[in-house]
Protein chains: 2
Amino acid sequence: MSDPTFAPRPTLEAVAARAGVSRATASRVVNGSEGVRAPLAERVRQAVDELGYVPNQAARTLVTRRNDAIAVVVAEPETRFFTDPFFAQQVRGISRELTAHDNQLVLLLTEGAADYGRVGRYLAGGHVDGALIFSLHSDDSLPVMARKAGVPTVIGGRPSWSDADTLYVDCDNRGGAQVAVRHLLGLGRRRIAHIAGPLDQTASVDRLDGYRDVLPDVDPKLIAEGDFTPEGGARAMGELLDHWPDLDAVFAASDVMASGALRVLRNRGMRVPEDVAVVGFDDITSVADWTDPPLTTIRQNIEEMGRMMARLLLRRLSPLAAVDGAPALSPIVTATQLVVRASA
Amino acid sequence: MSDPTFAPRPTLEAVAARAGVSRATASRVVNGSEGVRAPLAERVRQAVDELGYVPNQAARTLVTRRNDAIAVVVAEPETRFFTDPFFAQQVRGISRELTAHDNQLVLLLTEGAADYGRVGRYLAGGHVDGALIFSLHSDDSLPVMARKAGVPTVIGGRPSWSDADTLYVDCDNRGGAQVAVRHLLGLGRRRIAHIAGPLDQTASVDRLDGYRDVLPDVDPKLIAEGDFTPEGGARAMGELLDHWPDLDAVFAASDVMASGALRVLRNRGMRVPEDVAVVGFDDITSVADWTDPPLTTIRQNIEEMGRMMARLLLRRLSPLAAVDGAPALSPIVTATQLVVRASA
């Protein structure tokens, strides 16, 4: 095969002539602008294909998406990425959806925020067509880097800023938390504690808000902050029991933290659910089904949310192409669901 | 900064003159060939650095490694990738080493072998400087694809072909298996079964060979093939007990399979180690430490092997640069070690 750099190149004029449209119309289609009628756009695309037209390196990437590759960046060190089953489930959904559209999943791992400059350089290097970024903390520089790199992005989880251009997929964290706390109230529990996630993440703040919506006058000592790890959940449970030895329920902002809390309750000789009822959040099957007792929790469809993120990004990348089941270009917030098992 | 393409280029002759060596010697060093004495090679490298010599476009990419990105491809579907802790540990070592050299880890996930064509296209697209490929099965097309893509590669695990150019990192699977079986013989066990890994992988074949080295006349019905999953280990254990209800020891080719075997032994009311002694392979802490009873096993340093793969590849990519602790450009086989816990 000859080096494409030196092959004779068809011009935009040739494309326009073959498609029977003006140069301006051909240019708009080639550059992915909206506002060209579908049949005309289709003729231009056909002419581009037939002539093998390549506008210039940058535009060519936009038009043909020749990378067919999507970056996934998780704003956590790889150690947490591999130990928290939430991420594997989210990536599973993304992987299935990208594979269905023959796009390569390019997972960019880091050891921590100190490596984000390198991630930004990779994103800016033209190696991927778009990026899915998740588990953001409030001070994360990743979305800004992706924007500077010119890489279209969809965020997993509501970002802390609000901005009409930002696309994200999240579940109804606040509503789910309300349901969890109301379930505990319905069981007759009156001293309901909350183990929050790290409060520099919107999911944690939203779940805490939902808890407070139902219990507006709660003692602040019934709330302890964890970090979405089993150890953090255990530590928070210990603090709560030190202040409130007679608490009768705990709503933990994740199943993984709830599993740590269950261990502490067992070690202190407290029975679940007789003495303390426990509700988690996520419904990560490999956790909630296997705790002792199995965990009542608020289900979010993590894998499906991964698929939605991928679909939303592919739709943003190909305004001209039909993406099966493509959603509108706006944020998506999915419903949650109470799953009752033995712990509450 | 001016475009380096148009900067005046020092010639190879200039490098040779400055280093005080012949052009042929300079060329050998620049192209990464062996056979130049270390002090001479060092002088050539210094001259290259001082003059900023760049041999040609292809070599320039090799020399400057301008992507600063290394692909990791695991020849398993993402579902297995995320459930087998071996992979997380291997990737952890790779991640730490690449980060130490400011290289981005680019993990290319697939749903299975049907996606390898897409992986090959990504590798050929110039997005990474090299690739680390592991968990190969005998018919895997990935190494050929990487070669066609012109991407230097290091393989995790001895490949099934032999070839002077192929670099790989593995542990002494055969020697480790011999130690495991001799340990069981030393405990007085006489009916020692083996749960092999999938026999289309060299690690499985080598471990089986080590078992047979010590027990050359073993009944073939004392050998069952698993698939490196807990379920596969459980299934194999069941088959073995059906044929040999009075077996008194099992050597499983992985800790994960041994965990499945332990479950079957418990369900059948057999005590470990009193009735049946069990030895695993890998020493994956999150498995071997947590089984009941804790698992005697053959330790391989999985994380360190990941680091070695990364170092070997960086060394291949930069024959001119000093990579800290860089190994020679040849396959690496690391020692294994018996770790005695309660199961044998």
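The values are calculated or read from the model by the stated rules, or taken from the named source; none is laboratory data. Not measured: the values here are computed from a predicted model. Because the Cβ atoms are built from the backbone with ideal geometry, glycine has one as well, and the counts that use them run over all protein chains shown. Surface areas here come from the heavy atoms of the whole protein model, side chains and all, with no ligands, DNA or RNA. Shrake-Rupley method; radii C 1.70, N 1.55, O 1.52, S 1.80 Å.
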- If you go through segment B:138-151 one residue at a time, how many are in contact (Cβ under 8 Å) with a residue 24 or more places away in the chain and surrounded by fewer than 16 Cβ atoms within 10 Å (Cβ to Cβ)? 5
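Within 30 Å of B:GLY35 (Cα to Cα) and free of Cβ contacts under 8 Å to residues at least 24 places away in the same chain - does that describe any residue in segment B:287-295? Spell out the reasoning first.
Going through segment B:287-295, the residues within 30 Å of B:GLY35 (Cα to Cα) turn out to be none.
Within segment B:287-295 (the criterion being within 30 Å of B:GLY35 (Cα to Cα) and free of Cβ contacts under 8 Å to residues at least 24 places away in the same chain), the answer is no, since none of the residues qualifies.
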- Among the candidates A:ALA100, A:ALA69, which residue alone is at the interface with chain B (Cβ under 7 Å from one of its Cβ atoms) and more than 16 Å from the chain's Cα centre (by Cα)? A:ALA69
- Quick one: A:GLY126 ticks every box in (1) surrounded by fewer than 22 Cβ atoms within 10 Å (Cβ to Cβ); (2) in a helix (DSSP H, G or I); (3) within 14 Å of chain B (Cβ to nearest Cβ) bar one, so which box is it? (2)
- Item | Count of residues meeting criterion [under 20 Å from A:GLY120 (Cα atoms), charged (D, E, K, R), touching a Phe, Trp or Tyr at 6+ places or on another chain (Cβ under 8 Å) and outside any loop (DSSP other than H, G, I, E, B)] in segment A:74-93 | 0
- Query: Any idea which of (1) under 24 Å from B:ALA258 (Cα atoms); (2) at pLDDT below 90; (3) aromatic (Phe, Trp, Tyr) is the one B:PHE81 doesn't satisfy?
  - Reply: (2)
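What's the total number of residues in segment A:147-161 that are at pLDDT below 90 and of a type in the set (A, V, I, L, M, F, W, C)? Working first, answer last.
Taking segment A:147-161 first, the residues at pLDDT below 90 are A:147-150, A:161.
From what is left, the residues that are of a type in the set (A, V, I, L, M, F, W, C) are A:149, A:161.
Adding up the residues that qualify gives 2.
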- Going through (1) within 29 Å of B:LEU314 (Cα to Cα); (2) part of a helix (DSSP H, G or I); (3) among the hydrophobic types (A, V, I, L, M, F, W, C) one by one, B:ILE155 fails only at (2)
- Note on the structure: The number of residues in segment B:268-292 that are over 30 Å from B:THR99 (Cβ atoms) and at pLDDT below 95 is 2
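To keep it simple, each residue is scored yes or no on (1) assigned to a helix (DSSP H, G or I); (2) over 26 Å from B:GLN337 (Cβ atoms); (3) touching a helix residue (DSSP H, G or I) at 6+ places or on another chain (Cβ under 6 Å).
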{"residue": "B:ARG207", "(1), (2), (3)": "yes, no, yes"}
{"residue": "B:ASP213", "(1), (2), (3)": "yes, no, yes"}
{"residue": "B:PRO216", "(1), (2), (3)": "no, no, no"}
{"residue": "B:ARG235", "(1), (2), (3)": "yes, yes, no"}
{"residue": "B:LEU241", "(1), (2), (3)": "yes, yes, no"}
- Just one of B:ALA224, B:ALA193, B:ALA114, B:ALA131 is within 14 Å of another protein chain (Cβ to nearest Cβ), in a strand (DSSP E or B) and either surrounded by fewer than 18 Cβ atoms within 10 Å (Cβ to Cβ) or not aromatic (Phe, Trp, Tyr) (or both); which is it? B:ALA131
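Would segment A:166-184 turn up any residue that is free of Cβ contacts under 8 Å to residues at least 12 places away in the same chain, more than 28 Å from A:ALA234 (Cβ to Cβ) and surrounded by fewer than 22 Cβ atoms within 10 Å (Cβ to Cβ)? Before you say what the answer is, go through the steps one by one.
Kept after step one, since they are free of Cβ contacts under 8 Å to residues at least 12 places away in the same chain, are these residues of segment A:166-184: none.
There is no residue in segment A:166-184 that is free of Cβ contacts under 8 Å to residues at least 12 places away in the same chain, more than 28 Å from A:ALA234 (Cβ to Cβ) and surrounded by fewer than 22 Cβ atoms within 10 Å (Cβ to Cβ).
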- Note on the structure: Within segment B:72-91, residues within 13 Å of the chain's Cα centre (by Cα), within 11 Å of chain A (Cβ to nearest Cβ) and open to solvent by 40 Å² or more (accessible area, probe 1.4 Å) come out as B:GLN89
- Quick check: anything in segment B:299-315 closer than 30 Å to B:SER95 by Cβ, in contact (Cβ under 8 Å) with a residue 60 or more places away in the chain, open to solvent by less than 10 Å² (accessible area, probe 1.4 Å) and more than 20 Å from the chain's Cα centre (by Cα)? no
